[in-house]
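**Q** This is the structure I have questions about; it appears just below.
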Amino acid sequence: MKTEGLATAVESCGLLAGSHAADASVRGSCRVGSGHGLSRRCWPLCLGLLAACATALLTACSISYKFNGASIDYSKTKTIQINDFPIRSSYVWGPMAAIFNNQLKDQYANHTRLSQVRRNGDLKVEGEITRYEQRNKSVSAEGYSAQTELSITVNVRFTNNINHDEDFERQFSASQSYETTQSLQSVQEELVTQMCKDICDQIFNATVANW
């Protein structure tokens with residue numbers, strides 16, 4: 001490499017690293033001497049800056065597989081199989097299964113580059129909606145129920161066919177409250193949608209985000 005090219009590379013690295021002081025020092029010390037290139041005494045400093053730039057580039061490349069919060073090695077893990085979750089709770093609201101299943105699949109579609117397949121996925125997510133219930137949450141000064149709490153619990157089985165050490169079976173829950181002056185029918189869709197979103201976030205974090 002010509003000395004002029006090396007000086008240019010060093011100056012570029014200094015700008016990339018945001019180290020204006022170091023860059024000025026290099027330019028000042030390296031142009032003293034011959035007047036046409038780099039003096040011998042500044043070579044170690046120049047090489048050190050180039051090494052730092054290379055390290056920064058390699059570090060940037062090493063985390064490139066992180067995509068919207070997911071930590072996935074896409075060179076090994078390319079597909080995911082997400083089975084529909086049936087409702088197994090004693091209390092059932094019909095649209096809940098579709099809301100949950102669509103949100104779960106959208107979560108992985110929007111936040112990873114994994115291809116969703118019907119079978120033989122590198123990752124597999126399956127399970128059941130096991131509980132959907134409501135209970136009195138708080139009591140007013142007059143002794144009447146003031147709020148009602150809705151909750152959903154989902155049982156999840158996760159299989160990582162690339163690394164079975166990460167397999168698990170676990171339950172995830174979410175809850176929302178509403179005033180007893182409101183009817184369940186008037187708030188049910190909104191609250192169930194929010195609870196499904198919360199649970200899908202939890203499942204996503206537990207399976208591919210490593211949080």
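The values are calculated or read from the model by the stated rules, or taken from the named source; none is laboratory data. On a predicted model such as this, the values are computed, not experimentally measured, just so you know. Glycine gets a Cβ as well: all are built from the backbone with ideal geometry, and neighbour counts include every protein chain shown. These accessible areas exclude ligands, DNA and RNA; they are computed on the full protein's heavy atoms, side chains included. Shrake-Rupley method; radii C 1.70, N 1.55, O 1.52, S 1.80 Å.
**Q** How about the range 137-196: which chymotrypsin sites (Phe, Trp or Tyr not before Pro) there are in a DSSP loop, with at most 13 other Cβ atoms within 10 Å of their Cβ?
**A** Answer by residue number: Tyr144.
**Q** Give me the percent of the accessible area of the range 62-211 that comes from carbon and sulfur atoms, probe 1.4 Å, all protein chains in place.
**A** Ligands and nucleic acids excluded, carbon and sulfur reach 43 percent.
**Q** Please identify every one of the GluC sites (Glu not before Pro) in the range 119-211 that sits in a loop by DSSP and has no more than 14 other beta carbons within 10 Å of its own beta carbon.
**A** Glu142
**Q** Okay, moving on. Taking 25 Å as R0, compute the FRET efficiency from the Cβ-Cβ separation of Tyr91 and Val139 and round it to 0.05.
**A** E between Tyr91 and Val139, to the nearest 0.05, is 0.65.
**Q** Name the residue from Asn155, Gly127, Ser138 whose Cα lies farthest towards the positive end of the charge dipole of the range 126-180, charges +1 on Cβ of Lys and Arg and -1 on Cβ of Asp and Glu.
**A** Result: Ser138.
**Q** So what's the gap between the Cα centers of the range 92-144 and the range 158-193, to the nearest angstrom?
**A** 5
**Q** Label-point separation (nm) for Glu126 and His164, each offset 7 Å from Cα along Cα-to-Cβ?
**A** 1.5
**Q** Continuing with the same structure: Counting only heavy atoms of the protein chains, get the accessible area per residue of the range 121-198 (1.4 Å probe) and round it to a whole Å² value.
**A** 54
**Q** Something else: What dipole magnitude, in Debye to the nearest 20, does the range 71-182 give about its Cα centre under +1 on Lys/Arg Cβ and -1 on Asp/Glu Cβ?
**A** 360
**Q** Tell me the net charge near Lys197. Cut-off is 15 Å between Cβ atoms, Lys197 excluded, with +1 for each Lys or Arg and -1 for each Asp or Glu.
**A** Net charge around Lys197: -4.
**Q** Let me ask something additional. Quick one: accessible area per residue over the range 80-120, 1.4 Å probe, rounded to a whole number of Å²?
**A** About 59 Å² of surface per residue is accessible.
**Q** Classify the range 125-171 as rounded, prolate or oblate from the Cα gyration tensor: take a ≥ b ≥ c as the square roots of its eigenvalues, call it rounded if a/c is under 1.5, otherwise prolate when a/b beats b/c and oblate if not.
**A** Cα axes put the range 125-171 in the prolate bin.
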